[in-house]
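These notes concern the structure reproduced below.
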Amino acid sequence: MIALVPLAAVEPEAVEALLDRAFGPDRRTRTAYRIRSGTLPVPELSFAALDADGALLGTIQCWPVELACDDGEIVPLVMVGPVAVEPDHQQGGIGRALMERMLEAISDCPAKGCDSLMLVGDPEYYGRFFGFTAERTAGWRLPGPFEPHRLLARGDKAPDCAGALGPRVGQAA
């Protein structure tokens, strides 16, 4: 049996070690890290999956980011990810359970942008199961390399403008 708990209930060192095992120690060089640089996860949307013995099997973190549209509008968003699962437990539904729990928590999230989610990920998986698409993200610029078809947003409140995506001002770590 897997228990989903707030991420804050887990030691940060355990989370970092899991992320290294799931994504490799070079993970911090990825563009996603630049997008959310200097921010803290949104606690209401960040969770951990624990086994019956309390061992950490997976995490999901969500981050306050913003899109600075070229017309001057600043749109708060929440960046989903990373969704990390212990390598020997992948393909067992843990990542999906974490995503579903995060989506359930949106209605109770007081932070700005909780109703406008974005991520960089597999469009077939995140589109099919969770409604993320690249329909509104074609004009978004990121602070590093990325594959445009993997830049996804969810919901009608996601902005459809050209602009630069980055950490949300005033949400520094």
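Checking the stated criteria, ASP53 turns out not to satisfy the condition of being surrounded by fewer than 15 Cβ atoms within 10 Å (Cβ to Cβ), free of Cβ contacts under 8 Å to residues at least 24 places away in the same chain and part of a helix (DSSP H, G or I).
Within segment 98-120, the set of residues being modelled with pLDDT under 95 and of a type outside the set (A, V, I, L, M) comprises SER107, ASP108, CYS109, PRO110, LYS112, GLY113, CYS114, ASP115, SER116.
Taking (1) part of a helix (DSSP H, G or I); (2) without any contact (Cβ under 8 Å) to a residue 12 or more places away in the chain; (3) over 22 Å from THR133 (Cα atoms) in turn, GLY72 satisfies each apart from (1). Filtered by the rule that a residue be open to solvent by less than 50 Å² (accessible area, probe 1.4 Å) and either part of a loop (DSSP other than H, G, I, E, B) or at pLDDT below 95 (or both), segment 40-50 gives PRO41, VAL42, SER46.
Residues in segment 119-167 that are over 18 Å from LEU103 (Cα atoms) and either within 14 Å of the chain's Cα centre (by Cα) or assigned to a strand (DSSP E or B) (or both): TRP140, ARG141, ARG150, LEU151, GLY163, ALA164, LEU165, GLY166, PRO167.
Each residue in segment 5-22 was checked for being over 19 Å from VAL65 (Cβ atoms) and open to solvent by less than 60 Å² (accessible area, probe 1.4 Å), and 8 pass. Tallying residues that are touching a helix residue (DSSP H, G or I) at 6+ places or on another chain (Cβ under 6 Å) and within 12 Å of PHE130 (Cβ to Cβ) within segment 75-98 yields 1.
The values are calculated or read from the model by the stated rules, or taken from the named source; none is laboratory data. Note that this is a predicted model, so its numbers are computed, not measured. All Cβ positions, glycine included, derive from the backbone under ideal geometry; neighbour counts span all protein chains shown. Only protein heavy atoms, including side chains, enter the accessible area calculation; ligands, DNA and RNA are left aside. Shrake-Rupley method; radii C 1.70, N 1.55, O 1.52, S 1.80 Å.
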